[in-house]
Amino acid sequence: MRQLLVMILFFFIISCAHEPKEQKQSLQNENITNVSHDGSAKRSDQQHAEKAVQMLKERQDVKDAVAVEANGRLLVAYQVKHMQRFRMKAIEKNIERTLNDTFDKQVIASHDLKIFWKTKALKEKMETKRMSEKEIEKEMTVIQKLSEEQT
């Protein structure tokens, strides 16, 4: 009986040792590891979005940024580094002022993680599909309404 128990335990330990690679726990972990990608949509009409992403990535307190541009509006979402969250209000004000001074478009900037995910999803859709300006505008409006919500 004891040998059977030892044998079962042995096979259990061996089977656990061959687990596949660690799975992604959340989208936030994905963003931490994949910071090297360009956060702006790859279309010819996205120059301002690319410039906004570059400006934000140069900052020491911003971890990642994504931007989309359509119909005179610039949607920018960014993530602040963990230890910089204590200064969130000041960082948010500074980024908002910088973006509004730099661009003559209506700028919608948010540090909310959900807005970041939605903007990143929109950017990826724009890269993979041929979306019309109307579809992009509709999704940007939904994201803007989400960013204006207060919880």
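Looking at SER147, SER110, just one residue is polar (S, T, N, Q), modelled with pLDDT of 90 or more and touching a helix residue (DSSP H, G or I) at 6+ places or on another chain (Cβ under 8 Å), and that residue is SER110.
Examine region 68-80 for a residue that is of a type outside the set (Lys, Arg) and more than 19 Å from GLN144 (Cβ to Cβ), and state whether such a residue exists. Yes, region 68-80 has at least one match. Scanning region 105-130 for residues that are assigned to a helix (DSSP H, G or I) and of a type in the set (Asp, Glu) turns up GLU124, GLU127. Just one of the listed residues (THR102, THR128, THR119) is modelled with pLDDT under 90 and out of contact with any Gly (no Cβ under 7 Å at 6 or more places or on another chain), and it is THR128. The set of residues in region 79-104 that are part of a helix (DSSP H, G or I) and loosely packed, with under 14 Cβ neighbours inside 10 Å comprises HIS82, MET83, ARG85, PHE86, ARG87, MET88, LYS89, ALA90, LYS93, ASN94, ARG97, ASP101. Checked against (1) at pLDDT below 90; (2) over 20 Å from LYS57 (Cα atoms), GLN84 passes all but a single condition, namely (2).
Residues of region 29-71 being under 22 Å from ILE136 (Cα atoms), at pLDDT below 85 and not in a strand (DSSP E or B), which ones? Correct list: HIS37, ASP38, GLY39, ALA41, LYS42, ARG43, SER44, ASP45, GLN46, ASN71. In the set GLU149, GLU139, only one residue is touching a Lys or Arg at 6+ places or on another chain (Cβ under 9 Å) and farther than 16 Å from TYR78 by Cβ; that residue is GLU139.
Take the conditions of a type in the set (Lys, Arg) and out of contact with any strand residue (DSSP E or B) (no Cβ under 8 Å at 6 or more places or on another chain) and apply them to ARG97. Does it pass? It is true that ARG97 is of a type in the set (Lys, Arg) and out of contact with any strand residue (DSSP E or B) (no Cβ under 8 Å at 6 or more places or on another chain).
Within region 1-27, being modelled with pLDDT of 65 or more, under 45 Å from the mean Cα position of the chain (by Cα) and among the polar types (S, T, N, Q) holds for one residue alone: SER15.
The values are calculated or read from the model by the stated rules, or taken from the named source; none is laboratory data. Quick caveat, the model's predicted, so the values are computed rather than measured. Backbone-built Cβ (ideal geometry, glycine too); neighbour counts: all protein chains shown.
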